[in-house]
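*Asks:* Take a look at this one; I'll ask things after.
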Amino acid sequence: MEVGGAEEDGDVEPYGAESLVRPVADEPERAAEAALRPRRLDEFVGQRVVRDQLSLVLQAALGRGRAPDHVLLSGPPGLGKTTLAMIIAAELGASLRVTSGPAIQHAGDLAAVLSSLEEGEVLFIDEIHRLARPAEELLYVAMEDFRVDVIVGKGAGASAIPLSLPPFTVVGATTRAGLLPAPLRDRFGFTGHLDFYDDAELERVLVRSAGLLGVPLDVTAAAEIASRSRGTPRIANRLLRRVRDWAQVRGDGMLSLAAARSALEVYEVDERGLDRLDRSVLDALCRRFGGGPVGLTTLAVAVGEEPETVETVAEPFLVREGLIGRTSRGRVALPPAWEHLGLPVPPPAGTLFG
Ligand SMILES: Nc1ncnc2c1ncn2[C@@H]1O[C@H](COP(=O)(O)OP(=O)(O)O)[C@@H](O)[C@H]1O
Ligand SMILES: [Mg+2]
């Protein structure tokens, strides 16, 4: 079922294997996740708009007895793109083939996958923005005309034999919709954009997962874990597993509020879902650099990390949360950063001397 070893959201993260609040999953974690994946659209929590629209697309296609339009799913890692791709196939009663942009090295790899598709199958292409250009061009034609040109022979004697394909549906997933070339984007009849979940939705994800894991999760603990999960179901499920460990080893097996707090303290995930690196960036910015502006490289040296790590691993969430700002002169601490560290918020520049 898997073609060429699918990778997931591969944007490589040098830091973070030891952190609980990074949105990307590693290989062992994917096995744990598979057990928690909703199988049908009505089990999928939140994302009401996308769920509604998708449900129409799928029901209409089923009613007509035809493969639906190609579907593009975009959004940050850990929000449910892979889960939805699997759900689409399940709802259609179709089989699913899985591959990814990075797994397809040559156009020929993609031609081989396409020419083996059977009628009505769903082809899931994860990280579709990382497809190589020649493969991308082959894919346009296949998606639009259900045709693939198979190259026979080599060099000057090579010729292209057009092969027509049975109707099928491409489900593409991307964390970077902006990187998709317009011609490829245009071939998708439906695009669903996934957004961060609110705490109430994450609580429902957690309650559902606890049920599947067979662990007693208190509602107050669910709320506590949800509020530290950065709007991301993957992180919520991960924190839940760690709280379960704590409850089993150091507690009485109950996932209570106290157990959740103690476990997350051990793992250094604070009330806002910040980890050690996030906090040391804030700390350096406020305490050492007076709130900035300070250049990325200087800031990175202060926390003992590579600038790239600070920029790609820590900053996106800190910026999203309104804790820090990026200006042309460097990084600045915003008032919530000071508050989070328990420091007095300095008066805005310019008001100091009247
Ligand atoms: N809406 C949802 N309801 C319940 N669980 C979800 C939902 N979205 C994601 N998850 C869970 O979060 C984890 C990551 O989801 P996944 O589909 O792999 O994210 P993505 O492909 O966008 O990175 C999976 O274990 C999945 O079960
Ligand atoms: Mg995925």
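The values are calculated or read from the model by the stated rules, or taken from the named source; none is laboratory data. What you see is a predicted model, and the numbers here were worked out from it, not measured in a lab. Here the Cβ is made from the backbone with ideal geometry for all residues, glycine too, and neighbour counts use every protein chain on show.
*Asks:* If you go through segment 275-326 one residue at a time, how many are within 25 Å of P347 (Cα to Cα) and in a loop (DSSP other than H, G, I, E, B)? Let's see the steps before the verdict.
*Replies:* Of segment 275-326, the ones within 25 Å of P347 (Cα to Cα) are 278-296, 298-299, 302, 315, 317-326.
Next, from what is left, pick out any that are in a loop (DSSP other than H, G, I, E, B): 289-293, 295, 321-323.
Of the residues in segment 275-326, 9 are within 25 Å of P347 (Cα to Cα) and in a loop (DSSP other than H, G, I, E, B).
*Asks:* With the checklist (1) more than 24 Å from P77 (Cα to Cα); (2) at pLDDT 95 or above in hand, flag the one item V152 doesn't pass.
*Replies:* Of everything listed in (1) more than 24 Å from P77 (Cα to Cα); (2) at pLDDT 95 or above, V152 misses just condition (2).
*Asks:* Next up: Among the numbered criteria (1) within 13 Å of ligand 2 (Cβ to nearest atom); (2) farther than 22 Å from R37 by Cβ, which single criterion is violated by A85?
*Replies:* Every condition holds for A85 apart from (2).
*Asks:* Follow-up question, since we're still on this one. Considering segment 232-253 alone, what residues qualify as being within 16 Å of ligand 2 (Cβ to nearest atom) and not basic (K, R)? I'd like the intermediate steps shown before the answer.
*Replies:* Taking segment 232-253 as the starting set, the residues that turn out to be within 16 Å of ligand 2 (Cβ to nearest atom) are 232-238.
Within segment 232-253, T232, P233, I235, A236, N237 qualify.
*Asks:* Answer yes if at least one residue in segment 162-174 is surrounded by 21 or more Cβ atoms within 10 Å (Cβ to Cβ), in contact with a strand residue (DSSP E or B) (Cβ under 6 Å, 6 or more places away or on another chain) and in a helix (DSSP H, G or I), and no otherwise. Before you say what the answer is, go through the steps one by one.
*Replies:* Here is the first cut: in segment 162-174, the residues surrounded by 21 or more Cβ atoms within 10 Å (Cβ to Cβ) are 169-174.
Among the residues that remain, those that are also in contact with a strand residue (DSSP E or B) (Cβ under 6 Å, 6 or more places away or on another chain) are: 169-174.
Checking which are in a helix (DSSP H, G or I) leaves us with none.
No, because not a single residue in segment 162-174 is surrounded by 21 or more Cβ atoms within 10 Å (Cβ to Cβ), in contact with a strand residue (DSSP E or B) (Cβ under 6 Å, 6 or more places away or on another chain) and in a helix (DSSP H, G or I).
*Asks:* Please state which of the following conditions E203 fails to meet, knowing it meets all the rest: (1) surrounded by 24 or more Cβ atoms within 10 Å (Cβ to Cβ); (2) free of Cβ contacts under 8 Å to residues at least 60 places away in the same chain; (3) more than 16 Å from ligand 2 (Cβ to nearest atom).
*Replies:* All conditions pass for E203, except number (1).
*Asks:* Among (1) of a type in the set (A, V, I, L, M); (2) farther than 23 Å from L56 by Cβ; (3) within 16 Å of ligand 1 (Cβ to nearest atom); (4) surrounded by fewer than 20 Cβ atoms within 10 Å (Cβ to Cβ), there is one condition A156 misses while meeting the rest; what is its number?
*Replies:* For A156, the failing item is (3).
*Asks:* Which of (1) touching a residue at least 40 places away in the same chain (Cβ under 8 Å); (2) of a type in the set (A, V, I, L, M, F, W, C); (3) more than 16 Å from ligand 2 (Cβ to nearest atom) is the odd one out, the single condition A158 does not satisfy?
*Replies:* It is condition (1) that A158 fails.
*Asks:* Now, a different point. Could you grab me the full set of residues in segment 52-82 that are more than 13 Å from ligand 2 (Cβ to nearest atom) and out of contact with any strand residue (DSSP E or B) (no Cβ under 7 Å at 6 or more places or on another chain)? I'd like the intermediate steps shown before the answer.
*Replies:* Here is the first cut: in segment 52-82, the ones more than 13 Å from ligand 2 (Cβ to nearest atom) are 52-72.
D52, S55, L56, L58, Q59, A60, A61, L62, G63, R64, G65, R66 - these are the residues of segment 52-82 that are more than 13 Å from ligand 2 (Cβ to nearest atom) and out of contact with any strand residue (DSSP E or B) (no Cβ under 7 Å at 6 or more places or on another chain).
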